[in-house]
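Here is the structure we will look at.
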Amino acid sequence: MKFVDTHCHLTDEKFSADLIEVYERAKNSCVDRVINFGATLKDSAEVVELAKKFSGMFAGVGIHPEEVQDWDGKNSAEKIFELAKKNKVVAIGEIGLDYHWEKSSEGKILQQKIFVEQLDIARQLNLPVCIHEREAHGDALKILQAEGKNLRGVLHCYSGSLEMAKEVWKLGWLIGIDGPLTFKNSAKLPEIVQAAPSEMLLLETDAPYLAPTPYRGKRNEPSYLIEIAKKISELRGESLEIVAEYTTKNAENLYKI
Ligand code: NI
């Protein structure tokens, strides 16, 4: 059995003391590949560097919607473009929309503009996209429908409705499932996981954030991915091996890893 943690942040300082042990534990828990995502230009450069040092480690580069102050137009676009061409970079991300803290319409419009510009980089380089979307379901879907042509990707840490998920799947995009599926208040997620075509699901930890039960509240790490896989297996009435098989295949197909 093997799994891919398709979204984490091992460049986070929470891993600076014991990254080697963390990665070792991942490998011992059948997580044989991970993809780290950048949130800023600096962080994007770091995920690229880190991937060089570990086998089975890949990177995604981009500017997160909560970090749009990092974006200075053409210059940043060029930097992301150059980073995205480096070895072991398999995606543009995480990019998208986050309206949780951004309530002003100018701020939202700025996020949308930077999101669309980065979608364009992905299209030019023929790379898949990892989208961060929080409390911006309608606008994110509209942008995907209008600007997502010839692009594939995933809505990471999916938090939308089943209706929206169906629209996302229609576009050929996947959804990423994280620790919140294992929480008592997992809301709509179990129903969405049950309804999902198996080829539309990706597993991810988003480590160091969102540790699954029974680690909730602690630092998350890729070896905990198994807890999310177990929950999917229980909800869908499939063996863990089957879940490992199709989620790994989905990750390989999308990210060409
Ligand atoms: Ni993330």
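The values are calculated or read from the model by the stated rules, or taken from the named source; none is laboratory data. Please read all numbers here as calculations on a predicted model, not as lab measurements. All Cβ positions, glycine included, derive from the backbone under ideal geometry; neighbour counts span all protein chains shown. Please note that ligands, DNA and RNA were not included when accessible areas were found on the heavy atoms of the full protein model with its side chains. Shrake-Rupley method; radii C 1.70, N 1.55, O 1.52, S 1.80 Å.
Observations
- Residues (open to solvent by 30 Å² or more (accessible area, probe 1.4 Å) and of a type in the set (Val, Ile, Thr)) located in segment 15-39: 20
- Remark: pairs (first residue in segment 3-15, within 12 Å of residue 223 (Cα to Cα) and touching a residue at least 24 places away in the same chain (Cβ under 8 Å); second residue in a strand (DSSP E or B) and open to solvent by 10 Å² or more (accessible area, probe 1.4 Å); Cβ separation under 6 Å; 6+ apart in sequence or on different chains) = 4/33.
- Here residue 182 meets each of (1) over 21 Å from residue 27 (Cα atoms); (2) among the hydroxyl-bearing types (Ser, Thr, Tyr); (3) without any contact (Cβ under 8 Å) to a residue 12 or more places away in the chain with one exception, condition (3).
- Filter pass, residue 66 being assigned to a helix (DSSP H, G or I), in contact (Cβ under 8 Å) with a residue 24 or more places away in the chain, of a type in the set (Asp, Glu) and more than 20 Å from residue 147 (Cα to Cα): yes
- Restricted to segment 231-241, and to residues there that are assigned to a helix (DSSP H, G or I) and free of Cβ contacts under 8 Å to residues at least 24 places away in the same chain, the residue that is least open to solvent (accessible area, probe 1.4 Å) is 233.
- Total residues in segment 88-111, condition at positive phi and either more than 15 Å from the ligand (Cβ to nearest atom) or open to solvent by 10 Å² or more (accessible area, probe 1.4 Å) (or both): 1
- In segment 1-29, the residue that is farthest from the ligand (Cβ to nearest atom) out of those that are over 19 Å from the mean Cα position of the chain (by Cα) and part of a loop (DSSP other than H, G, I, E, B) is 1.
- Matching residues, segment 39-62, being without any contact (Cβ under 8 Å) to a residue 60 or more places away in the chain, within 13 Å of the ligand (Cβ to nearest atom) and touching an Asp or Glu at 6+ places or on another chain (Cβ under 7 Å): 39, 40
- Hits in segment 112-161 (condition: in contact with a strand residue (DSSP E or B) (Cβ under 7 Å, 6 or more places away or on another chain), of a type outside the set (Val, Ile, Thr), away from the ligand (no atom under 16 Å from the Cβ) and not in a loop (DSSP other than H, G, I, E, B)): 112, 119, 122, 139
- In segment 215-230, residue nearest to residue 89 (Cα to Cα) [restricted to those that are hydroxyl-bearing (Ser, Thr, Tyr) and open to solvent by 20 Å² or more (accessible area, probe 1.4 Å)]: 224
- Subset of segment 175-207 (residues that are within 14 Å of the ligand (Cβ to nearest atom), in a loop (DSSP other than H, G, I, E, B) and open to solvent by 10 Å² or more (accessible area, probe 1.4 Å)): 206
- Contacts under 9 angstrom Cβ, first residue in segment 191-202 being over 15 Å from residue 157 (Cα atoms) and hydrophobic (A, V, I, L, M, F, W, C), partner open to solvent by less than 50 Å² (accessible area, probe 1.4 Å) and assigned to a helix (DSSP H, G or I), 6 or more apart: 195/162; 195/165
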